[in-house]
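Novice: The structure under discussion is supplied below as structure tokens; questions concerning it will follow.
The values are calculated or read from the model by the stated rules, or taken from the named source; none is laboratory data. In this text the structure is predicted, and so the values were computed from the model without any measurement. Neighbour counts are summed over all protein chains in view; Cβ atoms, including those assigned to glycine, are modelled from backbone coordinates with ideal geometry. Heavy atoms of the whole protein, side chains included, go into the accessibility calculation; ligands, DNA and RNA do not. Shrake-Rupley method; radii C 1.70, N 1.55, O 1.52, S 1.80 Å.
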Amino acid sequence: MKILDRYILKSFIATLFTVFIILYFIFILQGIWLFISELAGKDLDVFIIIQFLLFYSPKMVPLVLPLSVLLASIMTFGSFAENYEFAAMKASGISLKRAMQPLSIFISILAFVSFWFANNVIPMAEYKFINLRKEIVQTKPAMAIGAGQFNDLGTVNIKVDKKSGEKGQYLDNVTMHIKSASGYENKAVIRSTNGELETNENSNLLKLHLFDGNYYEDVVAKSSSDQNKKPFVKTAFEQYTMNIDIVSFQNEGRDNEEITNTYGMLNISELNYTIDSLQKSIVTEKKSNTDNLLIRTDNIFTHKVVDSLKDSKAGKDLLAKYPNDSKQRILQSAIDYTNNLVFNTESNDYSIFSQVKRVNEHYLALYEKFVIACSCFLMYFIGAPLGAIIRKGGLGLPIVFAVLIFIIYHFVNTFGRKLAQEDGIPPLLGGWIGILTLLPLAVFLTIKATNDSGVINFETIFEPITKLFKKKK
């Protein structure tokens with residue numbers, strides 16, 4: 001490897017590493033704010049919090065890596081042009097194309113590593129991340145209850161003054177409000193001196209044992225006079241046990257899409273197998289719905305009815321031989337039967353559409369593993385020529401261009417994914433629309449930088465104006 005190749009490669013890698021660490025840290029901080037309610041004030045060990053962030057962080061790589069490559073490319077090649085190092089290279093007979101060769105090989109290796117990372121590491125981390133959140137609630141049930149404040153756990157609102165014990169399972173001075181079925185008012189109030197939380201890893205039920213307390217419940221009055229007295233029932237107890245469904249607060253503060261959809265935890269082979277199974281399921285359900293609809297309509301379109309319909313076209317009334325009361329019943333039955341068919345058809349269509357959306361989501365997860373690798377090439381062939389054109393290094397103008405280009409890429413990519421999920425466009429187009437949108441820009445900038453021409457030639461714009469003023473003088 002020549003000295004120049006080592007210099008270019010060393011400059012780019014150092015810039016890429018620095019930019020990646022900074023951006024990765026920023027995106028991780030954003031993730032902390034998303035899950036701050038699950039981490040703050042829950043008496044979690046530092047090791048568990050580190051695990052939580054460690055399993056969450058890999059999903060940030062598809063966002064951080066392309067932006068880092070783009071910014072590092074602009075900064076590196078912009079610095080070369082600003083310091084006249086490109087001028088020295090060209091004077092020695094080294095073109096921009098030749099200068100980009102060692103980095104092109106490095107980007108190829110980086111793209112392969114990113115593809116492996118997206119196919120193996122991210123699905124495994126997503127699986128461990130979701131299961132860790134469930135395990136935290138089951139092994140440390142007290143994390144769902146913060147001391148000194150009311151905590152909403154489904155139909156129960158609970159407040160404790162103090163928690164103790166290895167897992168925070170012992171509670172002091174417990175106050176509970178049990179909501180009514182409507183959820184807008186309290187049905188009962190429980191006060192106890194202390195309590196204890198008990199859970200089983202194989203069960204979704206959380207047992208709450210309360211000791212030495214009182215149970216208050218409002219009584220529905222039978223008359224207005226009794227209502228003014230505000231009747232209630234008070235019961236003292238030595239021990240009172242309640243069962244609380246953990247699922248009611250496992251999903252609290254979470255993004256349901258991350259929990260219910262498992263396509264983010266699958267690699268390419270598993271996605272292909274799942275997509276094939278889902279498509280077969282859709283075909284089977286469509287055939288079943290069609291057969292059921294034919295069975296329902298077969299009882300109507302009998303031969304006699306068809307003959308009668310033919311007669312009705314000739315001017316005969318099908319209901320002429322029936323009395324008026326029977327006509328009303330027949331017409332109402334026909335309307336109800338038709339409405340029933342329409343309702344069943346719409347329900348079947350909605351069910352099929354939901355399954356189609358699931359297939360599209362799996363397709364998008366499959367294409368995303370290839371998109372992250374291609375985005376590294378795309379951002380490199382946008383950033384390197386752009387840096388050579390603008391001739392600015394550092395963190396000023398390069399950041400402006402990098403953020404602007406990446407926002408366009410991310411917006412188009414997100415819009416395409418959402419549209420493909422709703423079956424508005426094919427999933428293949430929705431997954432690759434961001435790459436296809438910026439690909440012409442990469443080709444255009446590469447050609448301009450290779451030919452040593454700027455993006456906008458201001459001389460050609462202002463030359464006719466200057467000639468016009470000279471003629472007038």
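Novice: Among the residues of the stretch 61-90, count how many are farther than 30 Å from residue 121 by Cα and either touching a residue at least 24 places away in the same chain (Cβ under 8 Å) or not hydrophobic (A, V, I, L, M, F, W, C) (or both).
Specialist: Going through the stretch 61-90 one residue at a time, the tally reaches 12.
Novice: List pairs: first residue in the stretch 431-443 and among the hydroxyl-bearing types (Ser, Thr, Tyr), second residue surrounded by 17 or more Cβ atoms within 10 Å (Cβ to Cβ) anywhere in the structure, Cβ distance under 8 angstrom, at least six positions apart or on different chains.
Specialist: Listed pairs, sorted by first residue: 437/409.
Novice: Kindly establish whether residue 122 is at pLDDT 70 or above and among the β-branched types (Val, Ile, Thr).
Specialist: yes
Novice: Another question, then. Could you identify the single residue in 456, 435, 447, 461 that is at pLDDT 90 or above and either under 43 Å from the mean Cα position of the chain (by Cα) or within 23 Å of residue 386 (Cβ to Cβ) (or both)?
Specialist: 435
Novice: Please enumerate the residues belonging to the stretch 114-129 that are under 17 Å from residue 362 (Cβ atoms) and not acidic (Asp, Glu).
Specialist: Selection gives 118, 119, 122, 123, 127.
Novice: Given the criteria in a helix (DSSP H, G or I) and either at pLDDT below 85 or open to solvent by less than 40 Å² (accessible area, probe 1.4 Å) (or both), does residue 331 qualify?
Specialist: yes
Novice: Being modelled with pLDDT under 80, surrounded by 13 or more Cβ atoms within 10 Å (Cβ to Cβ) and not charged (D, E, K, R) is true for just one of 293, 278. Which residue is that?
Specialist: Exactly one residue qualifies, and that residue is 293.
Novice: Let me confirm something: among 352, 425, 435, 382, which residue is of a type in the set (A, V, I, L, M, F, W, C), open to solvent by less than 60 Å² (accessible area, probe 1.4 Å) and not in a helix (DSSP H, G or I)?
Specialist: Criteria check complete, one pass: 425.
Novice: Among the residues of the stretch 57-99, which ones are farther than 30 Å from residue 34 by Cα, part of a helix (DSSP H, G or I) and open to solvent by 20 Å² or more (accessible area, probe 1.4 Å)?
Specialist: Correct list: 75, 79, 82, 85, 87, 88, 90, 91, 97, 98.
Novice: Let me ask something else. Can you tell me which of 28, 21 is free of Cβ contacts under 8 Å to residues at least 60 places away in the same chain and open to solvent by 70 Å² or more (accessible area, probe 1.4 Å)?
Specialist: Step by step, each of 28, 21 is checked, and only 21 is free of Cβ contacts under 8 Å to residues at least 60 places away in the same chain and open to solvent by 70 Å² or more (accessible area, probe 1.4 Å).
Novice: Right, next: Restricted to the stretch 385-414, and to residues that are part of a helix (DSSP H, G or I) and over 21 Å from residue 449 (Cβ atoms), which residue is nearest to the chain's Cα centre (by Cα)?
Specialist: Result: 414.
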